[in-house]
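Worksheet: the structure to be examined is printed underneath.
Every read-out reported here was derived from the displayed coordinates using simple, explicitly stated rules and does not represent laboratory data. Everything numeric here is computed off the predicted structure, so don't read it as measured data. Cβ sites come from the backbone with ideal geometry, for glycine too, and all protein chains shown count toward neighbours.
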Amino acid sequence: MPEPSPSAPSRRIGLPLGVARPIAQLARRVSRASGREGGALPGRVLLGLAPGALASLARSGRRRGRRIVLVSATNGKTTTTALLAEMLAAQGFEVVHNVTGANLRSGIATTLLQAGRRGDVAVLETDEATLPRVAPDLQPDVIVLANLFRDQLDRFGELEVLADRWRDTLAALDPSSTTVVYNTDDPLISELVYDYVRAATLEGHAPSVVPFGLDDEDVAQAGLPHAADSRFCRRCGHALDYDHSWVGHLGAWSCPSCGARPEPAQVYADEIALDGLAATTLRVSLDGGGHRELRLRLPIPGLYNVYNAVAAIAAAEVLGVDETAMTDAIATSAPAFGRFERIPVPGGGTITLLLVKNPTGLNEVVRTLVSSGVDVTATLFALNDGIADGRDTSWVWDADIEPLLERAGAMVVTGERAAEFGLRAVYGGLDPAGVLVEEDLEQAMYRVLERAREFTEHGHAYALVTYTAMLRMRAVIAAQGWARTYWANEPRKRGRR
Ligand SMILES: [Zn+2]
């Protein structure tokens, strides 16, 4: 799945788009006929034949009035993209967006290729390492920078290197036509945008930026949790102070040395109440605490999903979505692929799938499960080390999983690195007899469901799984006929405009 990663957007001479496009579409038909969905192949063929195709596709869409939104983050970009696409559809826009996982350069090219002449807005989930390779070509109307957490470091190198590449990405945008929607609670991203605004202003532009964030101390943690990634000021190198934090290093930060601090959020959430695993209620202010506000019930749990909702709302506001469409879309939103997705199983009970891929994400899943008070007696952890999971699985040692272990008492452990996670669990205080290793992932699922039936009142099981384990688990679930296959979860088109 990962592509080679040359630095700058490609300017190699290739075939004209008009010649390359039919060949790529043929590749799509061949891959469909062979029983595989389009995926990244047509885009890969297209970019191989015509390296400048992304820019051409973006330009031809723009001539027909199609706008482009790029959504990037290490955590939550799938949910944010889905929420934004739903809001735009509720407003009556025709939305083009990439299916789950097709967020690399070839997947984005496939999406634009397949859209053809369709679409008022292209909402493109963009892998964080891919963003610098596509943004200069696509010249988005809106770019959403939601967070930067430590994630799959072996693939990207240091977090700071990624931040530097995002800085170059912003510098390559046209400040007269791009709006930057960004998380002001993330000091790394705030500093990038600070530099962008300063440089653009010096050049005589009035750059359009929309800071978003949270503003509710009642749901915050004091200080900074131990797995937090960003502890030092990017401007002067001094350690940052945190009054409190909401998710990882996203919080009320400030630099005691140079005085750097977050820009006040224009779109922010407060009065947040977490209703277990069922929903979250919140108020969102759209104009920096003026008069325009939304009262929302978000039917997906966890504080990090509040960030995803606020990011989507901030972008939707820029794109001209009204408050009714925002509220409707949020009220009917469903968990994105593998994000607190609850799947009923025959004979009663459910299995809830929770994607985990880095310490911050795992901490939030643990925190949401524990604070919701659900019975976690039947819990499974699947740790794989494929490329899409991150080859380096040492991140499980950085996460604070002890509260979950304590409540669970035992855990079904599976995946290619089951033994490593088992060791981690024992170091975290789990009795070795409670580490139920089951190497085969399908058997592990049956075992945790059995545990749920035997030991819990309602038969609810929870599965914390890394990406490729999630794919495998979904395949088992689909084969058993327990749930719709995930590619059926396209945004619904609603003609309200
Ligand atoms: Zn500083």
Checklist entry - Taking the highest mean first, how do the peptides 435-444, 191-200 order by number of other beta carbon atoms within 10 angstrom per residue? => result 191-200, 435-444
Checklist entry - For the peptides 328-336, 290-298, what is the packing order when you average, over each peptide's residues, the other Cβ atoms within 10 Å and list the highest mean first? => result 328-336, 290-298
Item to check | Computed magnitude of the charge dipole of the chain (debye, nearest 20; Cβ of K, R +1, Cβ of D, E -1) | outcome: 2780 debye
Next on the checklist: Bins of 20 Å, beginning at zero and ending with the bin holding the largest distance: percent of Cα pairs per bin for the chain, please.
Outcome noted: 23, 58, 19, 0
Next on the checklist: Positive end of the dipole of the chain, charges at C-beta (+1 Lys, Arg; -1 Asp, Glu), about the Cα centre: which of Ser72, Pro301, Leu369 has its Cα farthest in that direction?
Outcome noted: Ser72
Checklist entry - Cβ under 15 Å from Asp141's Cβ, Asp141 left aside: what net charge do those residues give with Lys, Arg +1 and Asp, Glu -1? => result +2
Checklist entry - Label points 7 Å out from Cα along the Cβ direction at Arg231 and Tyr446: separation in nm? => result 4.6 nm
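Would you mind calculating the gained length between Glu406 and Ala199 on full extension (0.36 nm times residue separation, minus the Cα-Cα distance), in nm to one decimal? Present the calculation step by step, with values, prior to reporting the outcome.
Values: separation 207, 0.36 × 207 = 74.52 nm, distance 5.07 nm.
In short, 69.5 nm is gained.
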Next on the checklist: What distance in nm separates the two pseudo spin-label positions at Glu217 and Cys258, each 7 Å out from Cα along the beta-carbon direction?
Outcome noted: 2.8 nm
Item to check | Net charge of neighbours whose Cβ lies under 12 Å from the Cβ of Pro264, counting Lys and Arg as +1 and Asp and Glu as -1 | outcome: -3
Next on the checklist: Give me Lys77, Lys357 sorted ascending by neighbouring Cβ count inside 10 Å, so fewest comes first.
Outcome noted: Lys357, Lys77
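Just want the ordering: Trp397, Trp253, from fewest to most Cβ atoms lying within 10 Å of their own Cβ.
If I rank by nearby Cβ atoms, fewest first, I get Trp397, Trp253.
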Checklist entry - Per residue of the chain, what 222 nm ellipticity follows from adding -39500 (n - 2.57) for every DSSP H run with n ≥ 4, rounded to the nearest 500? => result -11500 deg cm²/dmol
Item to check | Cα-based equivalent ellipsoid, the stretch 346-479: semi-axes from gyration tensor eigenvalues, Å | outcome: 20, 18, 14
Checklist entry - Arg62 versus Ala278, label points 7 Å from Cα toward the beta carbon: distance in nm? => result 4.8 nm
Checklist outcome for this item: Going from the fewest other Cβ atoms within 10 Å to the most, one would list Thr111, Thr79, Thr327, Thr414 as Thr327, Thr111, Thr79, Thr414
Next on the checklist: I'd like to compare 42-48, 239-245: which one has the highest average count of other Cβ atoms within 10 Å, and what's the full order after that?
Outcome noted: 42-48, 239-245
Checklist entry - What is the sum of charges around Val284, taking Lys and Arg as +1, Asp and Glu as -1, for the other residues whose C-beta is under 12 Å from the C-beta of Val284? => result -4
